[in-house]
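Presented below is the structure to which this report refers.
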Amino acid sequence: MKIALVQHRVTDMDVQVNTRVAVEFIRQAKQGGADIVLFPECFLTSYRFPLICESLCPVEEIEQDDEFIKWNENALTDDGVYLAEISRVAKELGIGVVITGFSKGKRYPRNSAYLIGRDGSLLLKYSKVHTCDFSLERYIESGNEFRVCSFDGVRIGIMICYDREYPESARELMLQGAELILVPNDCGDMKPFRLRELSVEAMQNMVGIAMANPHSETGGCSCAFSPMVWGYADNEIAAADELYDGIVYAEFDIDAMREYRSSEDLGKYRKTAAYKHLSV
């Protein structure tokens, strides 16, 4: 399975403009032979908050601000025209797409990713569980579950950016049968620890992991890791540098991964009776 990792930063909060940019990347990825296109975090809406949010005041103190109200109202809807356009292009080209943006929540936006199938249907919507409540994401709603779906017979899960910092995220997806975990991301200081983190999570959970991150001085580094580590000097199978702007391709040998998973024991001999505090 060939994944196109889009390493590009959108700076415009205009969803219509960003949708056109996304469509161009999808077409480019199709020409490159990709099965799925993975976009960075909040690509359609941009990962930007109203200026008033920088005060980090309680949301109750700013929710009547005009800019905050407009930002909230402009969040994506599942049946909106922009997701419909991405789905139309996915169907036209016969390609999978993981597209991202702030979406409508119960009261405030959520940080969401949509996995769209080759036929344009919505296979999975995931909203970021581990929101960065120490910062601007205190103004959005957290998701409440991790989910897995099937794409071309491969079990795929999604986690977003800060989810990566919690080992429970990848483990929960693995326990649901995920074979590949796709990670829309938007942060800096990727080297070395955040990349090592993904490498270890792939190994520990015997899953393939691919991450797309916007380019910047300390960001970028979109990458992919194989779960297969025994006898390998490095399980990294794709990598970009910090400032590259474009698509990086990662190819996963699904048959080889399945054979490896059936023969290795990581995760098979878990002693769950001893895990007394994991749900605390």
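The values are calculated or read from the model by the stated rules, or taken from the named source; none is laboratory data. Not measured: the values here are computed from a predicted model. Note that we place each Cβ from the backbone using ideal geometry, even for glycine, and neighbour counts take in every protein chain shown. Protein only, heavy atoms only, side chains kept; ligands, DNA and RNA dropped before computing areas. Shrake-Rupley method; radii C 1.70, N 1.55, O 1.52, S 1.80 Å.
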* Looking only at the range 111-140, which residues are farther than 25 Å from L175 by Cα and among the charged types (D, E, K, R)? -> R118, D119, D133, E137, R138
* Which of the residues belonging to the range 171-218 are polar (S, T, N, Q) and either within 20 Å of N111 (Cβ to Cβ) or assigned to a loop (DSSP other than H, G, I, E, B) (or both)? -> Q176, N185, N213, S216, T218
* Which one is surrounded by the most Cβ atoms within 10 Å (Cβ to Cβ), of the residues in the range 1-41 that are among the basic types (K, R) and not in a loop (DSSP other than H, G, I, E, B)? -> K30
* Pairs with Cβ under 9 Å, 6+ apart, first in the range 261-280 and touching a residue at least 12 places away in the same chain (Cβ under 8 Å), second open to solvent by 90 Å² or more (accessible area, probe 1.4 Å) and assigned to a loop (DSSP other than H, G, I, E, B) -> E264/W230
* Asked: Can you name the condition, by its number, that V59 falls short on among (1) open to solvent by 20 Å² or more (accessible area, probe 1.4 Å); (2) under 21 Å from N213 (Cβ atoms)?
  -> (2)
* To do: Please identify the pairs in which a residue from the range 97-115 that is in a loop (DSSP other than H, G, I, E, B) has its Cβ atom under 6 Å from the Cβ atom of a residue that is surrounded by fewer than 24 Cβ atoms within 10 Å (Cβ to Cβ) and of a type in the set (S, T, Y), counting only partners at least 6 apart or on another chain.
  => K104/T77
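Does Y249 qualify as being open to solvent by 10 Å² or more (accessible area, probe 1.4 Å), in a strand (DSSP E or B), at pLDDT 95 or above and not basic (K, R)?
Yes: the conditions hold for Y249.
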